[in-house]
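Where a number appears in this text, it was derived from the coordinates with a stated rule and is not lab data. Because the structure is predicted, anything quoted here is derived from the model rather than measured. Ideal geometry is used to build each Cβ from the backbone, glycine not excepted, and the neighbour counts take in all protein chains shown.
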Amino acid sequence: MELLNKKIAQDIIFEGLSHGADFVDVFVERTENESLLFKNSKTEDKQSGTIFGIGIRLIHGHQALYGYTNINEREELLRITTLLGSRIGQKKSLSTTFNFERFDYPTVAAVADKNVSAVEKMAKMKKIDEILRKDVKTAQVILNFISKKQKIEVYDSEGLFASEDRPYIRLAHQIIMKDGAHESDAFYGPGARGGWEFIHDLPVQEICDGLIQRATTALYASPCPAGKMPVVIDNGFGGVIFHEACGHLLETTSVEKKASVFWDKMGEQIAHHALSAIDDGTLGGEWGSLSIDDEGMPTQRTTLIENGILKRFISDRIGEMKTGHKRTGSARRQSYKFAPASRMRNTFIDRGPHDLSSILASVDHGLYAKTMGGGSVDPGTGEFNFAVQEAYMIENGKIARAVKGATLIGSGADIMTKISMVGNDLKLMAGMCGSVSGSIPTTVGQPPIKVDEILVGGRA
Amino acid sequence: MKNLMEKVLNDVKKNHAEADLILNRSTSLKMSTQEASLSEYKVSSSQVLGLRLIKDGKVGLAYTESLDEDALKLMIKQALGNADTNHPNPNEKILNHSGEIRDEMTYEEQETPISLKVEKAISLETELKKREPRFLASTYNGYSEGEYTGIFMSTSGRSTFYSDKIYSIYTAALLGENGKKANYYDFDISHTYKDLLWEKVIAHSLDYSRQILKEQTLETGKYQIRFTEDALKNLMHVFSSLFSAKAAMDKVNPWAQKLGEVVTAKCLSIDDHADYKKAFRISKFDSEGVERKNLSLIEDGVLKSFYHNSLTSHFFKTQNTGHASRGPQGPLGLSETTMLIQGKDVKPLPPKYLEIFQLDGLHAGTNRITGDFSLPVKGFVWENAEKKMTFGNVTLGGNFFNMLKEVEVVGSELHASSDASFFSVPLIFNDLSIAGK
């Protein structure tokens, strides 16, 4: 059964077109959220709730008019549409009629989502907590389980009707360690498009060992020296550097304003020839995968950069209208409260020929960023910053002492030309990306890479 | 709406539970502009109802955005189910108090036509372009207004009502020259349309971007540093859990065992003022319906108190300070109202210091546990009361706990952050490093 009565969807679209809109779409969302916080070795907080709402978009020329409500009544929906339409013009009589046709699309595989009792979930978390607390230095363990079951429907004035069920699941692990005056923490947050099976199959012992090792290393690490130096960034969440330094600048949201440093560089060499990058919404089970985007378009695999040459932008309907770059099935939003925008899905630097040891061996003195933290970018200037969670100095091609407090800063256009070596061990990692259309699940990833020079901020 | 909430609470009571309910409703209008025309126009009406119930000593939370009968029944069922799953929490209670408090803000102003608002929003960008030949684009540019109401009701008979209206404008001037780009964002908020400072937002955005175009890097080393109130507020906010009793309960507050000890330089005092007249908003009650009071957090360098709600005050067997914070979709937490940093032993400004006006990457470059931070910053070099140059492409490194100990007060007047939620006397920090060339 549909979330929104088709007749009401028709009435909304008809009302929008009557005011002179070129295009109208209606986005309907119902999301069931569940979260479970395990802390102090017990379940501290279990919550659940339902989000429901409808977003209405009228496009007139290059202008997008957007409204939303969670009052699912015809009168309220038409009131909002009329309010938006009045920005375009007076209502005129219209003879158009249309029927929505269900739109078929390939479904991106998702792990089956079976119902699992809270008892089973808590037992899993208890086991993780017990393993992490076996180390006497562990002062606190915080586990945050979230499950989101989103159902969306898209209706538009071209007669499209599409819907999708999107299950998301994530278990964030955080450990805090103390030894005298020393304190440290480590975080790992695997997530997937799927159900409990993903959590069930996680290698618990391996994850816990990794967290304890990282937190212990940080506990006794010395302050990172500051200055410009070569940096080797390891795989997985290391891909956040491409996401922030380049990915956001390839979204038409930024390109259409000519705010991106890459807005006029299509077909040009914007990165080192060693680098190819992809944004792929079709990877089964990955955190940023979709079957259709939030405009109802089937998602796709998009090669953004090939051997350093800019091949495609990440585009949505408005982006295509304003820039001419074809839609890529990348229109995304946090919820019905946001108009869709061109956003990344699963974005990664593709495999190269090198193994990690040969990349490290090429550096006399530099930094090995084994685990990256978060970062941000100013799309206008391309200036970015990233924190490094786990880092070591590289001396004479070998990993040397552990260091803490390292931050990498630079500009996207500059850094892309300095990625000179790309490894062969590609790994992806789930994260949340905040931008113009809210916070959405995205995957970052890369094999190990070498950046010839980057400003490392630490303790001078 | 009160009848609906009362009905939910009565149904909760029939299930032998206690509860409180929060209903938030809002309507809003937002518009953004691009290349001298309206690029986005957004209207909304929304509501969300959140239930926190306690049964057999266990807490259950649930919320719904739909207020039909089935949705309300489901919410109660979910909350009861969640309570059943949760571990008993002897510290969390529904406070046993009653009576109503209202906090309704009314502002006198004539209605401004939408067409004029659109025109003004567009002018944010067109003025930038008109005034600066190096203008490339406005990366963010817009206007918003919203009306917000919040109702709190509990099974003990406490109710509160809150309403407010907020207007805001923002713009960012992206300038470019010789391959160098500069982008500075500025905003203003107000309770009335007529009080919005359009000219200030345009001028600040433009002025700072012009300065950034000229930025140079600095030599790596230690500097004496002053923050603008906005920059200091943002840095203090990252470490706000230092004043949280909940963080102390959860063993993630590094100051948990330091009550009564010296934690900052003795010249500093930090207060939380719920009724500070110059603040953007005076707050009469917290999210449990407790009346607010002013609170001394640090006095002459000594940690005097944490923020408390009913849960943390029960746990620590101390007084509830009225700092409960809870939205319909979340658990009981803590939050500040207006922070005031005051000082004594005023010293003269040093002849040379750095003034930092922009800190980036705060969510990633800070460690709330260790206090270490390393952040990209921009600012001015001041020498003998003269602004000598703008610097950028550097990082600021230090430790927050040490930073608060190595500080000098260099003025006695309180200066406000742009959103008037944070006030501080001018301070100079001595134990911070810059990584540059």
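So the values come out like this:
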| quantity | calculated |
| --- | --- |
| Expected-Rg normalisation [2.2 N^0.38 Å, Cα atoms] applied to the stretch A:253-329 | 1.14 |
| Inter-site label distance for A:LYS311 and A:LYS7 at 7 Å from Cα along Cβ, in nm | 4.9 nm |
| Normalised per residue, the volume of the convex hull around the Cα set of chain B (Å³) | 161 Å³ |
| Among the listed pairs B:LYS120/B:LYS200; A:LYS178/A:LYS398; A:LYS7/B:LYS30; B:LYS233/B:LYS317, those beyond 20 Å (Cα-Cα) | A:LYS178/A:LYS398; A:LYS7/B:LYS30; B:LYS233/B:LYS317 |
| Neighbour-count order for A:VAL28, B:VAL410, fewest beta carbons within 10 angstrom listed first | B:VAL410, A:VAL28 |
| Cα-based Rg and Dmax for the stretch A:139-274, where Dmax is the largest Cα-Cα distance (Å) | 21.3, 66 |
| Test item: Cα-centred dipole of the stretch A:227-457, Lys/Arg +1 and Asp/Glu -1 on Cβ, debye | 320 debye |
| The stretch B:77-167: Rg to Rh, with Rh as the Kirkwood radius over Cα pairs | 1.27 |
| Long-range HN-HN contacts of A:GLN389 with modeled amide H, under 5 Å | A:THR371, A:MET372, A:GLY373 |
| Per principal axis, descending, Cα span of the stretch B:2-207 in whole Å | 70, 41, 30 |
| Long pairs among B:LYS55/B:LYS284; B:LYS14/B:LYS55; B:LYS352/B:LYS388; B:LYS42/B:LYS129; A:LYS257/B:LYS129, criterion Cα-Cα beyond 21 Å | B:LYS55/B:LYS284; B:LYS42/B:LYS129 |
| Estimated FRET transfer efficiency when R0 is 30 angstrom, pair B:ARG102-A:GLU73 (beta carbons, to 0.05) | 0.55 |
| Share, in percent, of DSSP beta bridges within chain B that are antiparallel, nearest 5 | 90 percent |
| Gyration tensor verdict on the protein assembly as shown (Cα atoms; rounded if a/c is under 1.5, prolate if a/b is larger than b/c, oblate otherwise) | rounded |
| Under-5 Å amide H pairs with A:TYR368, H placed in peptide plane, nonlocal only | A:VAL232, A:TYR392, A:MET393, A:ILE394 |
| Note, ³J(HN,Hα) from phi for the stretch B:166-171, Karplus 6.51, -1.76, 1.60, rounded to Hz, x at Gly and Pro | 10, 10, 8, 9, 7, 7 |
| The protein assembly as shown: calculated mean residue ellipticity at 222 nm from DSSP helix runs of at least 4, using -39500 (n - 2.57) | -6000 deg cm²/dmol |
| Nitroxide proxy distance, nm - points 7 Å out along Cα→Cβ at B:ALA36 and B:ASP70 | 5.3 nm |
| Hits among lysines - C-alpha to C-alpha of A:LYS6 under 23 Å, sequence gap 8 or more where chains match | A:LYS91, A:LYS92, A:LYS149, A:LYS151, A:LYS337 |
| Order of A:SER35, B:SER335, A:SER289, A:SER342 - criterion: other Cβ atoms within 10 Å of each residue's Cβ, fewest first | B:SER335, A:SER35, A:SER289, A:SER342 |
| Rh by Kirkwood over Cα pairs, then Stokes-Einstein D for the stretch A:227-457 at 1.306 mPa s and 10 °C, µm²/s | 91 µm²/s |
| For the stretch B:17-24, 3J(HN,Hα) per residue [Karplus equation, 6.51 cos²θ - 1.76 cosθ + 1.60, θ = phi - 60°, Hz, x = Gly/Pro] | 10, 10, 6, 10, 10, 10, 10, 10 |
| Inter-probe distance in nm under a simple model that places probes 7 Å from Cα toward Cβ, at B:GLU109 and B:THR318 | 4.0 nm |
| Set of lysines near A:LYS121 by C-alpha distance (under 16 Å), chain-local residues within fewer than 8 positions excluded | A:LYS39, A:LYS42, A:LYS46, A:LYS148 |
| Under-5 Å amide H pairs with A:VAL456, H placed in peptide plane, nonlocal only | A:GLY227, A:LYS228, A:MET229 |
| Taking N as its residue count, the alpha carbon Rg of the stretch B:215-437 over 2.2 N^0.38 Å | 1.04 |
| For the stretch B:340-383: Kirkwood Rh in Å [reciprocal of mean 1/r, alpha carbons] | 13.1 Å |
| Highest-MSF residue in chain B out of B:MET31, B:MET105, B:MET403 [GNM, Cα springs under 10 Å] | B:MET105 |
| Using θ = phi - 60° and Karplus 6.51 cos²θ - 1.76 cosθ + 1.60, couplings along the stretch B:317-324 (whole Hz; Gly, Pro as x) | 6, 9, 6, 6, 8, x, 10, 4 |
